[in-house]
Structures are given as C-alpha cells and as structure tokens.
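Beneath this line is the structure, given in structure tokens, with notes to follow.
The values are calculated or read from the model by the stated rules, or taken from the named source; none is laboratory data. Quantities reported herein were computed from a predicted structural model and do not represent experimental measurements. We place every Cβ from the backbone using ideal geometry, glycine too, and count neighbours over all the protein chains shown.
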Amino acid sequence: MSIIQKIEQGQILDNDQLREIFKCSPQGGMRRSRTTNTLVIVSNHIKSIYDDRWINDVFHYTGMGQKEDQSIIFSQNKTLAESNLNGIEVHLFEVERKLSM
C-alpha cells in the first residue's frame, strides 16, 4: 500500500507533506504530478479569489484561470474534466484554518 493510499479522509496535512507525498508543486490550486499520476486540488477557504464550495454532496471547484471564462481544455482544467477517462487520481484538500505550530 502506497503512502497516498494510507491518507484518510479528514487527515490534516501541511503543504510540505502534500508536496512530499504527491511529488507535486508546493503552490497553486491544481497540482499535477506525473510521478504519482495524481492531480491534487487545494481549495483554500481562508485566502482565495475563488468561491469553491459544497452544494449538497457535490464540490463546486472553480478551476484554473483568472481572466474571462475558464476553459475546460486549459491545462489542469482538462486533466480534471477527463479524470474519469485518463486514469489520473484526483485528491481534494481543503484549507479551512491555519495550523498553529
């Protein structure tokens, strides 16, 4: 069992742990890793220009792009849109408060 498979829902990870576990960028809301074949989505509810939210049991995520309408074929938006077909595992992490050290 890989370390990714051992992550449990509700488990708290900091940014360095995300980067190390998923072998992804330390910044951005959508972090693609070709090494682990994953797409890490980080929805920051504390500091963000986007309004990502749960409606019933469906998470509404804004995606990549800050100007005009966001394109479904742009970069990681396409990766996410095709995730049921492309074999990439998607992992959602929500920032709801700062961790005190």
Filtered residue count, region 56-81, keeping only those that are surrounded by 10 or more Cβ atoms within 10 Å (Cβ to Cβ) and aliphatic (A, V, I, L, M): 4
Out of the residues in region 37-52 that are part of a loop (DSSP other than H, G, I, E, B) and modelled with pLDDT of 90 or more, state the one that is nearest to ASP16 (Cα to Cα). ASN37
Give region 20-43 a look and list any residue that's among the small types (Gly, Ala, Ser) and closer than 13 Å to THR79 by Cβ, or say none. GLY28, GLY29, SER33
Residue check for ARG53: of a type in the set (Lys, Arg), without any contact (Cβ under 8 Å) to a residue 40 or more places away in the chain and surrounded by 10 or more Cβ atoms within 10 Å (Cβ to Cβ): yes
Which of the numbered conditions does GLN9 fail, given that it passes all the others? Conditions: (1) surrounded by 10 or more Cβ atoms within 10 Å (Cβ to Cβ); (2) over 18 Å from SER83 (Cα atoms). (1)
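So, ARG31, is that one assigned to a strand (DSSP E or B) and basic (Lys, Arg) or not? Before the answer, list the steps.
On the way: assigned to a strand (DSSP E or B): yes; basic (Lys, Arg): yes.
In short, yes.
Yes/no matrix, rows are residues, columns are (1) closer than 15 Å to LEU92 by Cα; (2) touching a strand residue (DSSP E or B) at 6+ places or on another chain (Cβ under 6 Å); (3) among the basic types (Lys, Arg); (4) assigned to a strand (DSSP E or B):
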| site | (1), (2), (3), (4) |
| --- | --- |
| GLN5 | yes, no, no, no |
| ILE12 | yes, no, no, no |
| PRO26 | yes, no, no, no |
| THR35 | no, no, no, no |
| TRP54 | yes, no, no, yes |
| ILE72 | no, no, no, no |
So which residues in region 74-98 are in contact with a strand residue (DSSP E or B) (Cβ under 6 Å, 6 or more places away or on another chain) and outside any helix (DSSP H, G or I), if there are any at all? ILE88, GLU89, VAL90, HIS91, LEU92, PHE93, GLU94, VAL95
Check on ILE46, in contact with a Lys or Arg (Cβ under 8 Å, 6 or more places away or on another chain) and touching a residue at least 40 places away in the same chain (Cβ under 8 Å): yes
Confirm whether ARG34 is in contact (Cβ under 8 Å) with a residue 40 or more places away in the chain, of a type in the set (D, E, K, R) and closer than 27 Å to ILE3 by Cα. no
